[in-house]
Amino acid sequence: MLTVKNLNKVYSTGVEAIRDVSFDVRENEIVCLVGPSGAGKTTLLRCLSGLLDRSGGLVALDGQAVTEPPLRMAAVFQDYSRSLMPWYTVERNVALPLKNKFPSPADRRDRVNAALSAVGLDGFGSSYPWQLSGGMQQRVAIARAIAYEPEVLVMDEPFASVDAQTRADLEDLVLSVQAKTGTSVLLVTHDIDEAVYLADRVVILSSRPSRVLDIVDVDLPRPRDQIETKSLPRFAEYRSHVLRLVRGLGEAQDFSAATLIHNEEKTRSV
Amino acid sequence: MNTVLRSPFLPLLVPIAIIATWWFASAGSTSVFFPSLQDILIAFQETWLFAHFWSDIVPSVVRLIAGYIIACLAGIAVGLLLGRVRSLDAAFQPSVQFARAIPAVALIPVAILLFGIGDVAKIVLIAFCCFFPVLLNTIDGVRNVESGLEDVSRSFRLTRWQRAVSVQLPSAMPQIFAGMQTSLGFAFILGIVTEMTGSANGIGFITLEAQQSFTIDTMWSGMLLLGILGSLLNALFVLIEHRSLRWHYQSKAGH
């Protein structure tokens, strides 16, 4: 449903951020984009979601080219403290974007309550974001996105600024929400465990300029579980495969020092 | 000594000391220019409570608040437009800078010529000089919305009106309030000056008249009243500001 073809982005300063990136996000699927820090993942996501003009290539949602943020897409941003409105209650934060999509106020109220309940924030509707912990604030941002009923939910390193335990909880929250709603999810992360744990497919990006190094189908059973899934031998295999690519080791069979150094130099010179 | 310095009554000590010194130093004063504090307080009671309350204090305050509110509303509305529409800003910025450079008191003769010595001239002058601090702070405030919130506004396709009312103005509010506080001081100055330069009533008028008719204790009581009134207005302002910007102070305190 979301198609990305030969996407290019060159900034006006001449910096090339993205080179020829192609992949698809299909219906009812979780796709994770991983890559080293500073690889231009956020730039890529902004191009996909219509927030940033692309220099070339095609992004289409259900066959329609994306030129501005689509009505059928919702976003969750990395920094929850900068993406919620501190002057509004949790409820109004979630309700604000719904006005242009769902005309009936009663209907909107139901959607807000359902979304808050889905992310485990029953009873926090009249709190203010700054009264909540970081993890809870990010739940509000997720509630806002799912109340919008998108076909594609786009998330930019959504758990990068919360602690490890909260992070695991939020990962499971995304899995359960996705399973319930059937929304497609495109999630950017630099955490390889997270990518493998969540994804049906992992798109591995190189360092700048971003190219697709590999697309890995993750064939792990659902529903996934933080302990069981992560202790499967196949989880470890996916993990190492992705890790090698991200580190620029390619499909290296040979772990000799020479190959290591050679490959690292290659990555640096890129 | 230490216990005195830590006492919650410390902020009251200096004013009490000043009043006491004034009271005793001026007691039994025979100077025409510096009457005793006791005489000033008697004049205060006789003049303002409540002989001239309805005829002068109320008109002064009403004009001040009317001009001030007009300025705030206009400053916020125009500021939002100039702040968010580049072409409008380019077109009007030079004129704004020019108009702002004119000292408002210099416009008093013009205002009297055009609007007479009634309420209209005074309200117009107060509004004129209070307009600019609000305007400039609003322009700056609505321009510097957190980039994360700009992304949210765009990706959830908020309309122009929703962005203005739900994102840009609230986010600029701390800065707008700073401008409004500056303006409140201006309003007070202009309110009194306009009453001293052509008026038939008002606190400034009575105070100047007292000086000219040599009732010096009434003149001093006017100073006292202005001080009290100014402090009360500012306290009221701070109260409203803290109520309205609770999110701002609380969310800053949390980080």
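Computed values, structure above
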{"quantity": "Any chance B:Ser244 is within 24 Å of the chain's Cα centre (by Cα), polar (S, T, N, Q), within 30 Å of A:Arg92 (Cβ to Cβ) and within 13 Å of chain A (Cβ to nearest Cβ)", "calculated": "yes"}
{"quantity": "Unmet requirement for A:Ser12, which otherwise passes all of (1) in a loop (DSSP other than H, G, I, E, B); (2) surrounded by 15 or more Cβ atoms within 10 Å (Cβ to Cβ); (3) at pLDDT below 90", "calculated": "(2)"}
{"quantity": "All positions within region A:9-24 that are touching a residue at least 24 places away in the same chain (Cβ under 8 Å) and either among the charged types (D, E, K, R) or assigned by TED's automatic domain parsing to the domain that holds A:Arg247 (or both)", "calculated": "A:Lys9, A:Glu16, A:Arg19, A:Asp20"}
{"quantity": "Residue in region A:182-205 that is in contact with a helix residue (DSSP H, G or I) (Cβ under 7 Å, 6 or more places away or on another chain), among the acidic types (Asp, Glu) and either under 24 Å from A:Ala114 (Cβ atoms) or in a strand (DSSP E or B) (or both) present", "calculated": "no"}
{"quantity": "Filter result (at pLDDT 80 or above and surrounded by 10 or more Cβ atoms within 10 Å (Cβ to Cβ)) within region B:1-22", "calculated": "B:Leu10, B:Leu12, B:Leu13, B:Ile16, B:Ala17, B:Ile18, B:Ile19, B:Ala20, B:Thr21, B:Trp22"}
{"quantity": "Residue satisfying condition, being of a type in the set (A, V, I, L, M, F, W, C), in contact with a Lys or Arg (Cβ under 7 Å, 6 or more places away or on another chain) and more than 23 Å from B:Ala90 (Cα to Cα), within set B:Ile117, B:Ile123", "calculated": "B:Ile123"}
{"quantity": "A:Gln131 vs. criteria more than 16 Å from the chain's Cα centre (by Cα), crowded, with 21+ Cβ neighbours inside 10 Å and in the same structural domain as A:Ala95 (by TED's automatic domain parsing)", "calculated": "no"}
{"quantity": "Test: residue in region A:138-158 that is among the hydroxyl-bearing types (Ser, Thr, Tyr), out of contact with any Lys or Arg (no Cβ under 6 Å at 6 or more places or on another chain), more than 10 Å from chain B (Cβ to nearest Cβ) and in a loop (DSSP other than H, G, I, E, B)", "calculated": "no"}
{"quantity": "Single residue of B:Ala121, B:Ala74, B:Ala99 found to be under 30 Å from B:Gln211 (Cβ atoms), of a type outside the set (Lys, Arg) and assigned to a helix (DSSP H, G or I)", "calculated": "B:Ala121"}
{"quantity": "Only listed residue being hydrophobic (A, V, I, L, M, F, W, C), touching a residue at least 24 places away in the same chain (Cβ under 8 Å) and closer than 24 Å to A:Asp62 by Cα, chosen from A:Leu187, A:Leu213", "calculated": "A:Leu187"}
{"quantity": "Whichever residue in region A:64-86 is without any contact (Cβ under 8 Å) to a residue 12 or more places away in the chain and of a type outside the set (A, V, I, L, M, F, W, C) and, among such residues, is surrounded by the fewest Cβ atoms within 10 Å (Cβ to Cβ)", "calculated": "A:Gln64"}
{"quantity": "Single residue of B:Phe177, B:Phe128 found to be in contact with a Leu (Cβ under 9 Å, 6 or more places away or on another chain), among the aromatic types (Phe, Trp, Tyr), more than 30 Å from A:Thr43 (Cβ to Cβ) and within 14 Å of chain A (Cβ to nearest Cβ)", "calculated": "B:Phe177"}
{"quantity": "Enumeration of residues in region B:137-161 that are over 13 Å from A:Met85 (Cα atoms), in a helix (DSSP H, G or I) and facing another protein chain (nearest Cβ under 7 Å)", "calculated": "B:Arg154, B:Ser155"}
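The values are calculated or read from the model by the stated rules, or taken from the named source; none is laboratory data. All of these numbers come straight from a predicted model, not from anything done at the bench. With ideal geometry, Cβ positions are generated from the backbone for all residues, glycine too; neighbour counts draw on all protein chains shown.
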